[in-house]
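Structure first, then comments.
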Amino acid sequence: MLAIVLYLRGLRQCQRLGEPTSIARTFTYLLGVAAIYGVTLTHYDYLAQYMFFAHRAQHLVLHHAAPFLIALAAPLPVLIEGLPTRIRQLSRGRLFTHVLHPAYRILQQPLIATVLFVGLIYFWLIPEIHFDAMLSADLYQVMNWSMALDGLLFWWLIFDHRSPLQGGLGYGMKWL
């Protein structure tokens with residue numbers, strides 16, 4: 001709900017500032033968030049805990065489809081505008097500039113992001129680890145949310161519209 005509320009607040013703020021967001025971008029973002037909701041916070045999640053094929057489909061959505069849609073929508077400027085002013089000002093503080101931003105830039109290195117993207121799937125499918133994750137509710141949640149976050153990091157890198165000289169891959173989709 002927070003992701004949707006922030007986005008809708010940000011949309012309203014962007015319109016006030018004269019920077020409207022396209023309907024396609026909004027729809028794509030909301031569809032990605034709805035997909036994550038559908039496989040984690042509904043009865044489908046219960047089914048996925050007991051049926052391997054449903055579990056694999058859940059990870060397909062969490063790791064590939066939903067993050068792909070969210071990253072394609074390029075929602076960060078809108079989400080930032082949706083944040084309360086005090087929190088937006090914190091993003092200019094030391095914690096962000098000296099800790100979070102450098103860590104994010106390291107994770108966004110193409111080789112590191114790719115190894116994490118592929119490696120995380122293999123890690124969670126190691127039989128002993130997967131078995132423990134399926135029996136522990138807490139570890140199961142860590143597995144699912146790590147898949148979603150890793151997918152977001154990877155697809156944000158792929159859709160980064162900046163040129164390689166600016167730190168991006170230059171593959172950005174500007175159709176939205």
Exercise for the section: Report, please, the projected area of segment 37-149 averaged over directions, based on the convex hull of its C-alpha atoms, in nm². Expected result: 8.5
Exercise for the section: Skip the ligands, DNA and RNA, and give the accessible area per residue of the chain with a 1.4 Å probe, whole Å². Expected result: 62
Practice task
Can you send over the carbon and sulfur percentage of the accessible area for the chain, probe radius 1.4 Å, protein chains only?
Solution key: 71
Practice task
Translational diffusion coefficient, Stokes-Einstein: compute it for segment 10-61 using the Kirkwood radius over C-alpha pairs as Rh, at 25 °C and 0.890 mPa s, and state it as an integer in µm² s⁻¹.
Solution key: 191
Exercise for the section: Report, in deg cm²/dmol and to the nearest 500, the calculated mean residue ellipticity at 222 nm for the chain, where each DSSP H run with n ≥ 4 adds -39500 (n - 2.57) and the sum is divided by the residue count. Expected result: -21000 deg cm²/dmol
Problem - Fully extended contour minus Cα-Cα distance, from Ile80 to Ile129, at 0.36 nm per residue - result: 14.0 nm
Handout entry: Vicinal HN-Hα couplings computed from phi for segment 11-18 (Karplus, 6.51 cos²θ - 1.76 cosθ + 1.60; Hz; Gly/Pro x)
Key = 4, 4, 5, 5, 5, 4, 7, x
Practice task
Please list the equivalent ellipsoid semi-axes of segment 38-100, computed as the square roots of five times the alpha-carbon gyration tensor eigenvalues, in descending order and whole angstrom.
Solution key: 34, 13, 12
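The values are calculated or read from the model by the stated rules, or taken from the named source; none is laboratory data. Values in this document were obtained by computation on a predicted structure and should not be read as measured data. Remember, those area values only see protein heavy atoms, side chains included, never the ligands or the DNA or RNA. Shrake-Rupley method; radii C 1.70, N 1.55, O 1.52, S 1.80 Å.
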